[in-house]
């Protein structure tokens, strides 16, 4: 099966000139956790997640309106072509530990988005042998903790009221 058959389209995007309040509003209105950021030519310049927005607000101490989307977005973006297979998307998600992939056309213009949720629904709808195992393997790889280990016991990270 091809990505174009399971992707969400059109992709909800925001321009590089946007601020984080614009991206957060799009996430709220379209019930999504990621917004691809596009340049003036409609090409993917980055992606911003709901977590990126929270961390930018926390670390920069500014309102979302005062923070540019480019300061919080991930610039290294893994994409998939609309004509590639679902297995290719699973492999990319597993390898790069990402839950969502922007879907691009031949010119690197964004045409949609494919997520772990889309793949889970596909696995539930199909009786193809091995699909469930492939999806579970991908999900396990994506959910694996980052290499960044806590330097202190977790109890020391908790906020305590006195």
Unit-weight point scatterers at every alpha-carbon of the range 3-145, Debye formula, q = 0.20 1/Å: log10 I(q)/I(0) is -1.18
Contour minus Cα-Cα span, residue 50 to residue 4, at 0.36 nm per residue, comes to 14.1 nm
dims of the range 73-113, Cα set, principal axes, largest to smallest, nearest Å -> 27, 24, 12
The FRET efficiency for residue 78 and residue 31, from their Cβ-Cβ distance with R0 = 25 Å and rounded to 0.05, is 0.65
Least to most buried among 63, 16, 79, by other C-beta atoms within 10 Å and fewest first, runs 63, 16, 79
Full extension between residue 65 and residue 41 adds, at 0.36 nm per residue less the Cα distance, a length in nm of 6.2 nm
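Every number here is computed from the coordinates shown, using simple stated rules; none is lab data. The structure presented is a predicted model; accordingly, all values stated were derived computationally and were not measured. All Cβ positions, glycine included, derive from the backbone under ideal geometry; neighbour counts span all protein chains shown.
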